[in-house]
Amino acid sequence: DQFDNLEKHTQWGIDVLEKYIKFVKERTEIELSYAKQLRNLSKKYQPKKNSKEEEEYRYTSCKAFLSTLNEMNDYAGQHEVISENMTSQITTDLARFVQELKQERKSNFHDGRKAQQHMETCWKQLESSKRRFERDCKEADRAQQYFEKMDADINVTKADVEKARQQAQIRHQMAEDSKADYSSSLQKFNQEQHEYYHTHIPSIFQKIQEMEERRIVRIGESMKTYAEVDRQVIPIIGKCLDGIVKAAEAINQKSDSQLVIEAYKSGFEPPGDIEFEDYTQPMKRTVSDNSLSNSRGDGKPELKFGGKSKGKLWPFIKKNKGATPEDFSNLPPEQRRKKLQQKVDELNKEIQKEMDQRDAITKMKDVYLKNPQMGDPASLDHKLTEVSQNIEKLRLEAQKFEAWLAEVEGRLPARGEQARRQSGMYDGQGAPTANSCAQDRESPDGSYTEERSQENEVKVLATDFDDEFDDEEPLPAIGTCKALYTFEGQNEGTISVIEGEILYVIEEDKGDGWTRIRRNEDEEGYVPTSYVEVYLDKNAKDS
């Protein structure tokens, strides 16, 4: 008798299940959105290909950060797994189960309504037969009274009395039939009612109860699955976090510092102490003939190497404002070597690419030769010639840079040799030693070493020998050289040369990439060693 309440309750149960499905769906959407945001975050901070940023990832701290980004990408993947598993194991199954539940509930309540309608029909039939029985009894009673009245009346004919008697009998018989019918209907109703309350309805209610209990069990199982799906990824998320910790522990500050040292070391030795210049002694100051300027006459060294640049230390590098030379001669030796090596590697890659292209064209030409219908082999000749010319150009370019690289690598002094040169500055051997050390520490264009501050040292060393060296002859030539390229000597201490010009070498390269040459008695200076081809006089060198 509680169909309405049960109907409302079971509908509420289905609504709860659908609400839970909606909750899980929204959780899966959040997981997917979170995973997407994590992936985008990881991608945003990934180093860009072929950029300066990519070079930074040589450092262990940057490598650790890259590992963190990769682990976060995997971490995001686990949240996608949560979303996928919750969708497949909970929302999809529950949605199907809800549909089945709705169908089953509908069927059960349909059977219940049908049973209710059947009982109502049986009750109506019982009421109808009861009313008919009641009516027939009253009719029979009235017919009997009428017959008895007619029979007592002496004025009524015998025929009328007989008719009234027959009518009373008919009515009595109808009452008896109605009674039997009512009795049968009553018995049938009682039986139907018994079955309804003791069989049909309990069976339907039992089915509804089982359906409701299955719903409750299912929502409980789904909640367990919900937790289990999350729990399954915890070990993998743990591994991602362990990976981040491991990458962090692999950070090595010493290794990173060494990379910085390797990247930026110049290959120069630090400068020595600057000598004290004694201005108290009134004397005529000159520079020895072995000094860097080699100009004769008072004041000329000052004009040539003095001025603004005088007295600066080499760490405060004067940048070359002009265009970067092709051979990177404006850089310190170590940096120059790295740049040249990088250029050689780039050229070799380009050569390899062109060679691969040539091989591909050659193969295509062979295919065309074997199958003329596929194409004209002659059409590839122009392209093949062009690629071959490119290869030749690149090879010549690579050879040029390899020659410069070999020069630089052969010239970089060993540590011991540098130490000897450094100590030689203060061993009191006079101007020549001081001059050679000054040359080691400086390039005439002032682009990457100490400015001509050591001229002061030369002066101090030369003080006691002013009279002796005042009228010295110029340095003798130790060989000749041919200018391979035109060089415009715009900085102090350099000299301009024209390609193909023959000049005298008066001081060979000391390891800094510069050679001292002379055109005539008054014109001398430095040019980049890579710009000239030197022919040393063997006798002069041996002497």
Only residues that are open to solvent by 80 Å² or more (accessible area, probe 1.4 Å) and of a type outside the set (Phe, Trp, Tyr): list them for the stretch 191-216, please. GLN191, HIS194, HIS198, HIS200, GLN206, LYS207, GLN209, GLU210, GLU213, ARG214, ILE216
Residues being open to solvent by 80 Å² or more (accessible area, probe 1.4 Å) and within 42 Å of the chain's Cα centre (by Cα) - total across the stretch 90-123: 1
Quick one: count up the residues across the stretch 39-86 that are surrounded by 19 or more Cβ atoms within 10 Å (Cβ to Cβ) and farther than 30 Å from ALA263 by Cβ. 8
Among the residues of the stretch 476-493, is there at least one that is at pLDDT 80 or above, open to solvent by less than 40 Å² (accessible area, probe 1.4 Å), of a type in the set (Ser, Thr, Tyr) and under 53 Å from the mean Cα position of the chain (by Cα)? no
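For every residue, the table says whether it meets (1) touching a helix residue (DSSP H, G or I) at 6+ places or on another chain (Cβ under 9 Å); (2) polar (S, T, N, Q); (3) at pLDDT 85 or above.
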residue	(1), (2), (3)
GLN335	yes, yes, no
ALA360	no, no, yes
LYS365	yes, no, no
TYR368	yes, no, no
PRO377	yes, no, no
HIS382	no, no, no
GLU386	no, no, yes
Taking the stretch 217-263 on its own, how many of its residues are within 30 Å of LYS19 (Cβ to Cβ), over 23 Å from the mean Cα position of the chain (by Cα) and open to solvent by less than 90 Å² (accessible area, probe 1.4 Å)? 11
Tell me, which residue of the stretch 142-158 that is open to solvent by 80 Å² or more (accessible area, probe 1.4 Å) and of a type in the set (D, E, K, R) is nearest to the chain's Cα centre (by Cα)? ARG142
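The values are calculated or read from the model by the stated rules, or taken from the named source; none is laboratory data. Just so it is clear, the model here is predicted, and its values are computed rather than measured. Neighbour counts are summed over all protein chains in view; Cβ atoms, including those assigned to glycine, are modelled from backbone coordinates with ideal geometry. Ligands, DNA and RNA are excluded from the accessible area calculation, which covers all protein heavy atoms including side chains. Shrake-Rupley method; radii C 1.70, N 1.55, O 1.52, S 1.80 Å.
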